[in-house]
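Report on one structure; see the data block that follows.
The values are calculated or read from the model by the stated rules, or taken from the named source; none is laboratory data. Owing to the predicted nature of the structure, the values given are computational and were not obtained by experimental measurement. We place every Cβ from the backbone using ideal geometry, glycine too, and count neighbours over all the protein chains shown. The area values use the complete protein model at the heavy-atom level, side chains included, leaving out ligands, DNA and RNA. Shrake-Rupley method; radii C 1.70, N 1.55, O 1.52, S 1.80 Å.
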Amino acid sequence: MPTLRLVGRPFEGFENALQRQMDSFTATADADVTFERDHRPLPEIHEELLATGDITDGSYDLFLCLSDWLPMVADAGYVHPLEDHLADSPPDGWPDGWAESLRNLMAYEGITYGVPYHDGPEIFHYREDLFESVAEQRAFREEYGRPLSVPRTWDEFLEVAEFFTRPEEGLWGTVVAAKPDGHNDVYDFCIQLWSRGGQLLDENGRPAFDSPEGRDALRYYHDLIHEHEVVPPESIEMESVETGQFYADGKAAMMWNWSGFGAMAEATDSAVFGRTNYGLIPRAETPAGEHTSLTVCYGLTVPKGSEHPDLAYDFIRHAASAENDKITTLEGASGTRFSTWRDAEVLRANSFYSIVEEVNTGPVNTLPRIPASLELNEILNEMVEAVVVERSLSAEDGLATASERASDLLV
């Protein structure tokens, strides 16, 4: 009896959905099959499986791959191309049932290596009940001389965050995932950079983030935590799932985070059930400033070395069906098909899906699609760690050091 072994990051939404999808595959597959799941933190997957190449040693048949890693694993030959499978036996609705932006995240140099499994661009979450409270509106106008409204700029965001920061009441203005794990800490810097009109790389692929926009971005992120203190101090030890739960527990008035964490906020046992809403991430109030977002995708891929690559693809095709994509969503992750985003039941339970489609079908930012993406990401991660967590470097010195290292990397 073949056993398909999967590795991916731990997340209750993934784990519950995958278990249901594996159970239904086992019940319907032509061959007897069992599954094993290995859920590891992202840094561990990176260090122990990708940096070493051990992802191809035959231990795994399925890899729930972060799209930031896809160019590297494809360029290194760590995963099988899926072109032939997709041509001969595509998932129902492939390719038009998925946004082009997501399909592109699972491809490298025109070749597809994975099928999208989980997505959810970053959007703005806020406590609608706080913003609509007459008492809060009156108090805010008295303090700031303007109406309380959902912030459109980072200056407005800071004022609102300061107003709602009341640690003695168990409420903070916002929460960020600054844990130096190469995940949200880097993404947060990128959002701050892009929303000011800055870029990570220029048109020639050279580092461009050591710039006035980059300095403003990194200082602002640092100051939210350490100068303005509108963020709980434990944010430097929190990753994105923990911050999503922090907001769902009613402890933050606002956050920018993955749209999928709206599912936590809209769960019936959430402290903010029925009291949260969504919008655009703020921008810098400058000519170049723009509302921006970032999207990444987790996709199911087949590592080289798998003993059962064809059977592994059969499971990918199964998990990508409209029914199973909806299950991914209903279990707390974020499905990737248009049919899921437009499903009436899904929209009633998770209204943020209308914004998900808007973001993913419009201009959307991603990290550079280069083979050295992991190395560049680690440079940015260490920069944010030094400036924001350890506070061992100023924003100026952190950016200069990181830019020099990135220049050497991208020669």
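Say a site is exposed when it is one of the GluC sites (Glu not before Pro), sits in a DSSP loop, and has at most 15 other Cβ atoms within 10 Å; what is then the longest site-free stretch of the chain?
Numbers: sites that count: 109, 203, 227, 285, 290, 307, 390.
It runs 1-108.
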Does anyone have the angle between helix 184-194 and the longest principal axis of the chain? Alpha-carbon axes, 0 to 90°, nearest 10? 60 degrees
Using alpha carbons only, how many degrees (0 to 90, rounded to 10) separate the axis of helix 309-319 from the longest principal axis of the chain? 50 degrees
Per-residue HN-Hα couplings for region 94-106 [Karplus 6.51, -1.76, 1.60; θ = phi - 60°; Hz; x = Gly/Pro]: 6, x, 6, x, 10, 5, 4, 4, 6, 4, 5, 5, 9
How large is Rg/Rh for region 171-317, to two decimals, with Cα atoms and a Kirkwood Rh? 1.06
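How large is the helix-only mean residue ellipticity at 222 nm for the chain, computed as the sum of -39500 (n - 2.57) over DSSP H runs with n ≥ 4, divided by its residue count, in deg cm²/dmol to the nearest 500? Please list the in-between numbers first.
Working: 19 runs with 170 residues, N = 411.
Only helices count here, giving -11500 deg cm²/dmol.
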Which of 146, 275, 40 moves the most in a Gaussian network model of the chain with Cα springs under 10 Å? 146
Using only Cα atoms and rounding to the nearest 10 degrees, what angle (0 to 90) does helix 154-164 make with the longest principal axis of the chain? 80 degrees
Return the lysines within reach of residue 251: Cα separation strictly under 30 angstrom, same-chain partners fewer than 8 residues apart disregarded; answer none if there are no such residues. 179, 326
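Out of the total accessible area of region 30-71 (probe 1.4 Å, heavy atoms of protein only), what percent is carbon and sulfur? Spell out each step's value before the answer.
Details: 640 of 1700 Å².
The value for region 30-71 is 38 percent carbon and sulfur by accessible area.
Run through region 21-77 and list the chymotrypsin sites (Phe, Trp or Tyr not before Pro) located in a DSSP loop whose Cβ has at most 10 other Cβ atoms within 10 Å.
On the way: sites: 25, 35, 60, 63, 69; in loops: 60.
In loop regions of region 21-77 (DSSP not H, G, I, E or B), there are no sparsely surrounded chymotrypsin sites (Phe, Trp or Tyr not before Pro).
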Separation of region 83-133 and region 298-334 by C-alpha centroid, Å? 13 Å
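Calculate the translational D of region 156-231 in whole µm² s⁻¹ from Stokes-Einstein, where the hydrodynamic radius comes from the Kirkwood formula applied to all Cα pairs, the temperature is 25 °C and the viscosity 0.890 mPa s.
Answer, rounded: 183 µm²/s.
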Stokes-Einstein diffusion coefficient for region 103-156 at 10 °C in a medium of 1.306 mPa s, Rh from the Kirkwood formula over Cα pairs: what value in µm²/s? 107 µm²/s
For residue 304, counting only aspartates and glutamates whose alpha-carbon sits under 12 Å away and dropping same-chain residues fewer than eight positions off, the answer is 54, 57, 61
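Counting only protein heavy atoms and using a 1.4 Å probe, what share of the accessible area of region 158-198 belongs to carbon plus sulfur, as a whole percent? If you can, show how the numbers build up before the last one.
Numbers: 410 of 960 Å².
Whole-percent figure for carbon plus sulfur exposure: 43.
On alpha carbon coordinates alone, what is the Rg over Rh value for region 329-411, Rh being the Kirkwood radius?
Working: Rg = 19.0 Å, Rh = 15.9 Å.
Across region 329-411, the Cα-based Rg/Rh ratio is 1.20.
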For residue 276, residues with placed amide H under 5 Å, excluding near neighbours: 128
As computed over region 255-411, the Cα convex hull volume per residue (Å³): 196 Å³
Taking the Cα atoms of region 322-364, what is the range of coordinates along each of the three principal axes, in descending order and whole Å? 28, 18, 15
Mind computing the radius of gyration and Dmax over the alpha-carbon atoms of region 26-107? Å is fine for both. 14.7, 36
Among 173, 250, 77, whose mean-square fluctuation peaks in a Gaussian network model of the chain (Cα, cutoff 10 Å)? 77
For a quick check of understanding: with a 1.4 angstrom probe and all protein chains in place, what accessible area in square angstrom does residue 28 have, to the nearest ten? 100 Å²
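By the scheme Lys and Arg +1, Asp and Glu -1, what is the net charge of all other residues having a beta-carbon under 12 Å from that of residue 337?
Result for the neighbourhood of residue 337: -4.
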In whole percent, the Cα-Cα distances of region 106-240 spread across 5 Å bins from 0 upward as 2, 9, 15, 18, 18, 15, 11, 7, 4, 2, 1, 0
